Amino acid sequence: MPKQLYLTPAQVKSETERCLNCQDKPCMKACPANCSPADFISLLKSGDENAYIKAAKNILNANPFGQTCGLTCPDQFCMAACSRRKLDMPVKINALQATILEKVRKTNAQIKLKPVCLNGKNIAIIGAGPAGLSAASVLARKGYSITVFEGSDRIGGTANLIPEFRLPHDVIEADWNFIKKLGQIELKLNTKVINPVDLLKDGYDGIIVAIGEGNSIKMGIPGEDLAISFKEYLKNPEKYKTSGNVAILGGGAVATDCATTAKRLGATNVEMFVRRRICDMRLTNEERLSLLDEQIDITSMTRITAIKKKKKTFILQTCKTRFNGTKLEDIPRTKIKRPDFDLVVMAVGSKADPMKRVEKVLYAGDCNHGGSTIVECVASGKNAANELHATLSGEVDESVCPVSKVVSYKAKSCQAINAFNQ
């Protein structure tokens, strides 16, 4: 059943009326990018004929990937902090945000932007994902000329791995179409940069590296090369379409995307193998429900010890696990073989290449703080941009918050930057 991505007008009205207009704005304080739901919801409530445009402007001022984040943000940020949660359930902030931007963009309404005066300095940004392009949006508005180098043939970075039924890829393009109007930003696709430091010799005044985590983590078991990495699978799931049995190794958000994608593509049975308990799976409520809706089987407390191939199918060697205090250990004499899998997808994580710290070369996004959400990458990119601007100009943005607001996540939060024209 197709997921409803946007709210109906009646739902928008209902959700905005449920907002309590908290004076201390806990929703904003919980957002890594410092977007203020309290403010954009108040704008919708105002009844102004341009309420949607003003609300969209408010969102994009803080978060240039506003629509992408609206569709993909987990419920651990603004919605977890929503005061309404203590009464019944939180306001559907993420869906409201996505719906506002979708409506404004569908009507081709124009958001007036503040004119930019170039300052004569050039910045190179490596990586056209949420972190890199968010950094570009900040620096472009401050007058820098930006060149974005992207090794692949499309913008979006790892956001492109999110299934189309959760994040239509034209939404990523819509956010990019807004960002590129903020100042002088040149995009160079299919252009890999091997050594970022070399760009300083080419006349760039500063570099921001936002290349994500390019390497899939291996499990270190016999036959693991027989499995498809989650990156390869989610880039082109149609290539691996099967009506047979599919095994997903891993229990996180990416593994969930792999599992639901395989089921939607016609797999008869999709089974996730998780070393720990189901309650230990770091998933949002929506992700857990998606596994139930798609009838995904979860085999928990199970470790994969080897992968073998028999003719055209795969055999998994499994072993049950248990906790000995806080330590996870194998249970003796519980090894069994699980045959007849047509496809095995490994989704246990990724990692970045080692980083070389050099003056005027900053890192942002997953390559800097590990795998995280899109909104955290946006925050990380904004922080890196403001830090680089302070280094090059001596001007410090007093509104920047350099510490994490959400302890359970890695990215630093940040405050909104230059406002648009009123």
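The values are calculated or read from the model by the stated rules, or taken from the named source; none is laboratory data. Everything numeric here is computed off the predicted structure, so don't read it as measured data. So basically every Cβ, Gly included, is an ideal-geometry build from the backbone, and we count neighbours across all protein chains shown. These accessible areas exclude ligands, DNA and RNA; they are computed on the full protein's heavy atoms, side chains included. Shrake-Rupley method; radii C 1.70, N 1.55, O 1.52, S 1.80 Å.
Dividing the Cα radius of gyration by the Kirkwood radius, what Rg/Rh value follows for the stretch 107-247?
Details: Rg = 18.5 Å, Rh = 17.3 Å.
Reported Rg/Rh, Kirkwood definition of Rh: 1.07.
For the chain, take N as its residue count and report Rg(C-alpha) divided by 2.2 N^0.38 Å. Walk me through the intermediate numbers first.
Details: Rg = 22.6 Å, N = 422, 2.2 N^0.38 = 21.9 Å.
Computed over Cα atoms of the chain, the ratio equals 1.03.
Computed FRET efficiency, Cβ-Cβ of Thr305 and Asp340, R0 22 Å: what is it to the nearest 0.05? Please list the in-between numbers first.
Details: r = 18 Å, r/R0 = 0.81.
For Thr305 and Asp340, the calculated efficiency is 0.80.
For the peptides 102-111, 24-33, what is the packing order when you average, over each peptide's residues, the other Cβ atoms within 10 Å and list the highest mean first? Present the calculation step by step, with values, prior to reporting the outcome.
On the way: 102-111: 14.1, 24-33: 21.7.
Result, highest mean first: 24-33, 102-111.
Quick one: pull the percent of accessible area on the stretch 10-75 belonging to carbon and sulfur, 1.4 Å probe, ligands and nucleic acids left out. Don't skip to the end; give the middle numbers.
Numbers: 1260 of 2480 Å².
Taking all protein chains in place, the stretch 10-75 shows 51 percent carbon and sulfur surface.
Ile331 to Lys106: extension gain in nm, 0.36 nm per residue of separation minus the Cα-Cα distance? Kindly include the intermediate steps, with their values, before the conclusion.
Details: separation 225, 0.36 × 225 = 81.00 nm, distance 5.65 nm.
That pair, Ile331 and Lys106, stretches by 75.3 nm at full extension.
Here is the link list: Lys103/Lys382; Lys121/Lys351; Lys29/Lys142; Lys235/Lys309; Lys231/Lys382. Which ones come out longer than 28 Å on Cα distance?
Details: Lys103/Lys382 26 Å; Lys121/Lys351 32 Å; Lys29/Lys142 25 Å; Lys235/Lys309 24 Å; Lys231/Lys382 26 Å.
In this structure, Lys121/Lys351 lie more than 28 Å apart at Cα.
Can you figure out the FRET efficiency of Lys239 with Glu286, using R₀ = 35 Å and their beta-carbon distance, to the nearest 0.05? Can you show the working numbers first?
On the way: r = 27 Å, r/R0 = 0.77.
Plugging the Cβ-Cβ distance into 1/(1 + (r/R0)^6) gives 0.80.
Compute, for Met355, the solvent-accessible surface of its heavy atoms (probe 1.4 Å) with the complete set of protein chains present, and express it in square angstrom to the nearest 10.
Surface accessible to solvent at Met355 totals approximately 70 Å².
Using a Cα-Cα cut-off of under 17 Å, which aspartates and glutamates could be cross-linked to Lys311, ignoring same-chain neighbours fewer than 8 residues away?
In chain and number order, the partners are Glu224, Asp225, Asp340, Asp342.
Run the numbers for Leu113 and Lys360: contour at 0.36 nm per residue of separation, minus the present Cα-Cα distance, in nm.
Working: separation 247, 0.36 × 247 = 88.92 nm, distance 2.86 nm.
Separation in residues times 0.36 nm, less the Cα-Cα distance, equals 86.1 nm.
With only alpha-carbon atoms counted, please give the Rg and Dmax of the stretch 1-98, in Å.
My reading of the Cα-based Rg and Dmax gives 12.4, 39 Å.
Given H placed on each backbone N at 1.01 Å, which residues far from Gly212 in sequence or on other chains put an amide H within less than 5 Å of it?
Under 5 Å from the amide H of Gly212: Asp366, Cys367.
Given labels modelled 7 Å from the Cα in the Cβ direction, how far is it in nm from Asp24 to Leu265?
Label-label distance for Asp24 and Leu265, simple model: 4.8 nm.
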